[in-house]
Amino acid sequence: YLRSDFPRIPLPPDMATFRTLAALGEKLVALHLLRDPALQSGGPAYPVSGAHMVEKIRYETGATLTPTPLPLAGEGLKSGKVWINTTQYFDGIDPETFAFRIGGYQVLEKWLKDRKGRTLTIDDIAHYRKIAVALARTRALMREVDAAAAPLFA
């Protein structure tokens, strides 16, 4: 719609709604900049040692998990594996998080594709795990933002 008009930013009807949305926005910024302290622990497992070479990326869905580190309200999490080569994978990434897009890109897939042919370092592995947690928490936070912003679109 930007071709036909300017973007519209709805104003909150009261200060309480504004403060709620501002607090949620602050949480989103901390997640997207990977500065949220909650990102320091948890995340998908990386259980198999090896060369850490990113060769062929594929996603595989497995059995249903009990929501341990990242419970998303009302969702049964599916255990998903993101394979980086024939033997190594990140385990515990649900399909919705793997498919999550920001700016038109599937974030978790693109991050690995950009490193195809490279060996992941320990820092790279930790960074990818943080990104996965941040995206899962972003999805949950987006539901809160939608609920808090509902009065703006009523």
Placing one equal point scatterer on each C-alpha of the chain and summing with Debye, one gets log10 I(q)/I(0) at q = 0.10, 0.16, 0.20 Å⁻¹ equal to -0.43, -0.94, -1.27
Accessible area per residue in Å² at 1.4 Å probe, computed on the chain: 63
Report in % the part of the accessible area of the range 1-46 that belongs to carbon and sulfur, leaving out ligands and nucleic acids; probe 1.4 Å. 62
Sort Leu152, Leu31, Leu11 by heavy-atom solvent-accessible area, probe 1.4 angstrom, most to least. Leu11, Leu152, Leu31
Where Phe18, Phe100, Phe153, Phe6 fall by accessible area, highest first, once all protein chains stay in place (1.4 Å): Phe6, Phe153, Phe18, Phe100
MRE, 222 nm, helices only [DSSP H, n ≥ 4, -39500 (n - 2.57), over the chain, to nearest 500]: -12000 deg cm²/dmol
With the range 5-59 reduced to its Cα atoms and the Debye formula applied, log10 I(q)/I(0) at q = 0.17, 0.24 1/Å amounts to -0.81, -1.04
Straight-line reach from Lys81: which lysines fall under 16 Å, measuring Cα to Cα and dropping same-chain residues less than 8 apart? Lys56, Lys110, Lys113, Lys130
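The values are calculated or read from the model by the stated rules, or taken from the named source; none is laboratory data. Computed from a prediction, not measured in an experiment: that's the story for all the values here. Note: accessible area is taken over every heavy atom of the protein model, side chains too, but ligands, DNA and RNA are not part of it. Shrake-Rupley method; radii C 1.70, N 1.55, O 1.52, S 1.80 Å.
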